[in-house]
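The structure appears right after this line, and notes come after that.
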Amino acid sequence: MWLFLAFLLVPLIEIALFIQVGGAIGLGWTLLIVVITAVLGTMLVRAQGIQALGQVKSSFNQMRDPSEALAHGAMILFSGALLLTPGFFTDAVGFALLVPGVRLAVFRWARSRINVTTFSTHGQRPQRPDIVDGEYTEVDPDRREVRGPSGWTKH
């Protein structure tokens, strides 16, 4: 139901804003503003997206919970889609999502409504590159069945 309302209301809001702004400043200036916000938004999304990707990598490298960094990256990606969509309302929401404080508030709100499962590596033995962890079963040589050649030898 919420998605239906969004798909219905957002275009109506955009059309109303285009009519109001276009009537106030003219068609040429309105289109120029839409193009400028798309270009500026793309540059900002790229810069913040690279930074968010670095934070995700850092979280994985330091074995920290990456959910906040991933959420920020997803919001930046969504922001980019909104900024490339022509319109004043979508641009306002897109630019708002580029503000780290707004993203943090959205993340905290979402985290309070969603159960996030995390992982932990505490209590595990430190890994050494020269040790291979495995399981084995010892076979008593006297009780071993001999069935003939295995097929891997030339007898």
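The values are calculated or read from the model by the stated rules, or taken from the named source; none is laboratory data. Being a predicted model, the structure only gives us computed values, none of them experimental. When we count neighbours, we look across all protein chains shown, and the Cβ atoms used for this are built from the backbone with ideal geometry, even at glycine.
Against the definition (farther than 14 Å from residue 91 by Cα and either of a type in the set (Ser, Thr, Tyr) or assigned to a helix (DSSP H, G or I) (or both)), how does residue 28 come out, yes or no?
So residue 28 passes the test.
A quick yes/no check of all residues on (1) among the aliphatic types (A, V, I, L, M); (2) within 25 Å of residue 10 (Cβ to Cβ):
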residue: 35; (1), (2): yes, yes
residue: 59; (1), (2): no, no
residue: 63; (1), (2): yes, no
residue: 74; (1), (2): yes, yes
residue: 89; (1), (2): no, yes
residue: 96; (1), (2): yes, yes
residue: 101; (1), (2): no, yes
residue: 113; (1), (2): no, yes
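Just need a number here: residues in the range 70-109 that are surrounded by fewer than 19 Cβ atoms within 10 Å (Cβ to Cβ), in a loop (DSSP other than H, G, I, E, B) and not polar (S, T, N, Q).
Of the residues in that region, 2 qualify.
Evaluate the following for residue 6: is it at pLDDT 90 or above and out of contact with any Leu (no Cβ under 7 Å at 6 or more places or on another chain)?
Taking the combined requirement at face value, the residue does not satisfy it.
Which of the residues spanning the range 110-133 are modelled with pLDDT of 65 or more, polar (S, T, N, Q) and part of a loop (DSSP other than H, G, I, E, B)?
If the condition is that a residue be modelled with pLDDT of 65 or more, polar (S, T, N, Q) and part of a loop (DSSP other than H, G, I, E, B), then 115, 117, 127 are the ones that fit.
For (1) surrounded by 11 or more Cβ atoms within 10 Å (Cβ to Cβ); (2) out of contact with any His (no Cβ under 8 Å at 6 or more places or on another chain); (3) of a type in the set (Asp, Glu), each residue gets a yes or a no:
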| site | (1), (2), (3) |
| --- | --- |
| 24 | no, yes, no |
| 29 | yes, yes, no |
| 34 | yes, yes, no |
| 37 | yes, yes, no |
| 40 | yes, yes, no |
| 44 | yes, yes, no |
| 55 | yes, no, no |
| 59 | yes, yes, no |
| 62 | no, yes, no |
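Would you say residue 60 is out of contact with any Asp or Glu (no Cβ under 7 Å at 6 or more places or on another chain), under 19 Å from residue 17 (Cα atoms) and either at pLDDT below 90 or in a helix (DSSP H, G or I) (or both)? Can you show your working first?
Numbers: out of contact with any Asp or Glu (no Cβ under 7 Å at 6 or more places or on another chain): yes; under 19 Å from residue 17 (Cα atoms): no; either at pLDDT below 90 or in a helix (DSSP H, G or I) (or both): yes.
For residue 60, the condition - out of contact with any Asp or Glu (no Cβ under 7 Å at 6 or more places or on another chain), under 19 Å from residue 17 (Cα atoms) and either at pLDDT below 90 or in a helix (DSSP H, G or I) (or both) - is not met.
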